[in-house]
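The values are calculated or read from the model by the stated rules, or taken from the named source; none is laboratory data. None of these values were measured; they are calculated from a predicted model. Because the Cβ atoms are built from the backbone with ideal geometry, glycine has one as well, and the counts that use them run over all protein chains shown. We work out accessible area using only protein heavy atoms, side chains counted, and drop any ligands, DNA or RNA first. Shrake-Rupley method; radii C 1.70, N 1.55, O 1.52, S 1.80 Å.
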Amino acid sequence: MAKRDSETADDAGRGRNGRAAAAQTTGSVLGFAAHEGRAGAVGEVHARPHPLVETPRLMIQLSFMTEGGSSVDAAVLAELSRRLGISPPDRNARHHTMRWGKGTLRWERHTEFSTYLWDCPLSARTGRPLEDSPFGESFSPPGTVMSGVRLEIRKWTPASEKLVDSFDPASLSYSLVENGKAAAATDFRQDGDGLTRILILDKGLSPARVGALSQRLIEIETYRIFAMLGLPLAQSLSSRIRRMEDRLAQLTAEMRTRSQRPSQELLSDLTELAAELEADAAASLYRFGASRAYHGIVEERLDMLNEEAVPGHETWAAFLQRRVAPAMRTCRSVEERQANLSRKLARATTLLRTWVDVDVERQNRDLLASMNRRAKMQLRLQQTVEGLSVAAVSYYVVGLIGYLAKGGRPYGLDLPAETVTAAAVPVVVVAIWLFVRRLRRKHGSDDAPRREAE
């Protein structure tokens, strides 16, 4: 009976596992179609599990800048996989783990860098690694090295505790972690291989806790270095911003005193200054943002350590707060100065544009007044010309009437030509004047609808 119950339970378990596998394969939940992004969202929390680490152990992590893109990492992983006789990871993968002798080699791709973490057991007798590092002459780096960490995990014994004395006492950070079940020590200095040495003394942690602790300590050192990348840029931009601030003060002083320089020249100088500032801000936007993010990760990992100070020594958090925090404040200060200067330039440019618009409107007013005067002069000239044209046309018409009067005598018209001509003058002048006036009024009435339409 018990055997049948056991078989029934096994069958039920296999059924659940089979349904779970089918759901993962088909991307469904209770038979319903799942969103295309569900698999990534669900699996993200399991993407970077803490390694299970047995004490004693050695870990070496190298961080490489990936200026060449993900294809370079893919080529390196393909070569390593070929040497091990295994299949390389997918080109779109962001992390990969492979066995390397008695140890493990883990790769992970980040936004601007990739990390290669190798771990292997240490000899309990000699304290030396039992395997050779994969980072030898045959290893092809995917880019330039940014950070390197050498972390040793040893049992907490009087002999291993003496290893703390090998660190530089001037910068030694030594504290108890994991509720006093472990200690972490480093001096944040590089050894002969250019690696930052970190020592963990284990007093009985589980492999999972050792793995979590080692990962946090490595990330603190890695992200600390990447956070500091913003400091040289901030220092170089500080002098440029100072020069721009002095130039803005000079230009605003000229605006206030209304110097002899034209407003257009001042506006051109302000525009060039704003363009230079925006170019610097755009070039530093990513680096300052990345430094803030990296520093935030460092602070989170330090909080998770729950350090307890060892008498006579400084904790990791206290040391980094004293050394790294000022650099981050410098980066934030430069960002704030850029933002403030940008706002001041915008206000000054708006004010000067207002002055330029007022000057343009004044010039337009003077131009319209000049055009009005010319129009009045043209109207007067036109009226004068019309008067002269009335006189000229009347002269020719009266002359024609005089010719008609002289030529009428053979037909019995016995009127003196001079009398007829004299009598026709006022009649012709009035008639032609009325005719010209009627034409002018007609053209004026035809142009009125056109002007209203315009």
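Within the bounds of the stretch 77-90, is there any residue that is among the hydrophobic types (A, V, I, L, M, F, W, C), out of contact with any Ser or Thr (no Cβ under 7 Å at 6 or more places or on another chain) and under 15 Å from GLY143 (Cα atoms)?
Within the stretch 77-90, one or more residues are among the hydrophobic types (A, V, I, L, M, F, W, C), out of contact with any Ser or Thr (no Cβ under 7 Å at 6 or more places or on another chain) and under 15 Å from GLY143 (Cα atoms).
Considering only the stretch 105-114, state which residues are part of a strand (DSSP E or B) and open to solvent by 10 Å² or more (accessible area, probe 1.4 Å).
Within the stretch 105-114, ARG106, TRP107, GLU108, ARG109 meet the criteria.
Going through the stretch 304-347 one residue at a time, which ones are open to solvent by 60 Å² or more (accessible area, probe 1.4 Å), aliphatic (A, V, I, L, M) and assigned to a helix (DSSP H, G or I)?
MET304
Exactly one of (1) among the small types (Gly, Ala, Ser); (2) modelled with pLDDT under 85; (3) under 30 Å from the mean Cα position of the chain (by Cα) is unmet by ALA12. Its number?
For ALA12, the failing item is (3).
Residue by residue through the stretch 326-351, note down the ones that are more than 19 Å from the chain's Cα centre (by Cα) and not β-branched (Val, Ile, Thr).
PRO326, ALA327, ARG329, LYS344, LEU345, ALA346, ARG347, ALA348, LEU351
Give me the pairs, please: first residue somewhere in the stretch 75-91 and closer than 14 Å to ARG109 by Cβ, second residue anywhere and open to solvent by less than 40 Å² (accessible area, probe 1.4 Å) and in a loop (DSSP other than H, G, I, E, B), beta-carbon distance under 7 Å, and either six or more positions apart or on two chains.
VAL76/PRO142; LEU77/PRO89
Restricting the first residue to the stretch 181-201 and requiring it to be under 15 Å from HIS313 (Cα atoms) and touching a residue at least 60 places away in the same chain (Cβ under 8 Å), which pairs with a second residue that is part of a strand (DSSP E or B) and among the basic types (Lys, Arg) meet a Cβ separation below 8 Å and a spacing of at least six or different chains?
So the pair list comes out as THR186/ARG197.
For the stretch 318-334, which positions are within 13 Å of GLY296 (Cα to Cα) and touching a residue at least 60 places away in the same chain (Cβ under 8 Å)?
Of everything in the stretch 318-334, those that are within 13 Å of GLY296 (Cα to Cα) and touching a residue at least 60 places away in the same chain (Cβ under 8 Å) turn out to be LEU320, VAL324, MET328.
Would you mind stating whether THR315 is more than 33 Å from the chain's Cα centre (by Cα) and β-branched (Val, Ile, Thr)?
Taking the combined requirement at face value, the residue satisfies it.
Would you kindly identify the strands (runs of 3 or more DSSP E) lying entirely within the stretch 146-258 that contain at least 3 residues that are of a type in the set (A, V, I, L, M)?
Once the strands (runs of 3 or more DSSP E) in the stretch 146-258 are filtered for at least 3 residues that are of a type in the set (A, V, I, L, M), what remains is 182-190, 196-202.
Hey, any hits in the stretch 146-167 for a residue that's hydroxyl-bearing (Ser, Thr, Tyr) and under 16 Å from LEU117 (Cα atoms)?
yes
Table: residues versus (1) surrounded by 15 or more Cβ atoms within 10 Å (Cβ to Cβ); (2) at pLDDT 90 or above.
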{"position": "ALA74", "(1), (2)": "yes, no"}
{"position": "LEU80", "(1), (2)": "yes, no"}
{"position": "ARG91", "(1), (2)": "no, no"}
{"position": "ARG125", "(1), (2)": "no, no"}
{"position": "PRO129", "(1), (2)": "yes, no"}
{"position": "GLU137", "(1), (2)": "no, no"}
{"position": "LEU151", "(1), (2)": "yes, yes"}
{"position": "ALA170", "(1), (2)": "no, yes"}
{"position": "SER175", "(1), (2)": "yes, yes"}
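For LEU273, state whether it is farther than 28 Å from GLN235 by Cα, assigned to a helix (DSSP H, G or I), open to solvent by less than 20 Å² (accessible area, probe 1.4 Å) and of a type outside the set (Lys, Arg).
no
Which residues, taken from the stretch 204-224, are open to solvent by less than 10 Å² (accessible area, probe 1.4 Å) and aliphatic (A, V, I, L, M)?
VAL210, ALA212, LEU213, LEU217, ILE218, ILE220
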